[in-house]
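Only the coordinates and a few stated rules stand behind these numbers; no lab work does. In this text the structure is predicted, and so the values were computed from the model without any measurement. FYI the Cβ positions are ideal-geometry reconstructions off the backbone, even for glycines, and counts take in every protein chain you see.
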Amino acid sequence: MTKTLQIGIQEKFLDALTDTGDNSSSVFTLPSNFASLGRPLVWQSVVAGSPSAINLQLLGALNDVSAEYALLDESTNASGEMRHIQPINVRCLKVRQVSRTGGTSVTVTVNI
């Protein structure tokens, strides 16, 4: 089951994920008129502990089909960061932690 993002409401895609391996969040959908609004998408990673490396990916697709997901943005900042993505034409979003070395946990939020 997917959840629809709402403008101005921050959603946690990964919530204090402690596993350091390859993990993907649940799928969230964008409002049907999101692309026409010309609004950026903001995603933020907060990393607890002191990891030496991390690889997070923001993935998007028109349909919630694994083979359709494409890389929209990537973060490798082990201190965490906030990133802005210009208007995109996708319906479905998810965040993937490809890997993390060290650290206690990671939380990733998305706001449209």
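Among the numbered conditions (1) closer than 16 Å to Leu14 by Cα; (2) among the hydrophobic types (A, V, I, L, M, F, W, C); (3) touching a Leu at 6+ places or on another chain (Cβ under 9 Å), the only one that Met82 does not meet is (3). Scanning the stretch 89-110 for residues that are over 18 Å from Gly49 (Cα atoms) and crowded, with 18+ Cβ neighbours inside 10 Å turns up Val90, Arg91, Cys92, Leu93, Lys94, Val95, Arg96, Val110.
Selection of the stretch 75-109 for residues being touching a residue at least 60 places away in the same chain (Cβ under 8 Å), farther than 20 Å from Asp19 by Cα and within 13 Å of the chain's Cα centre (by Cα) yields Cys92, Leu93.
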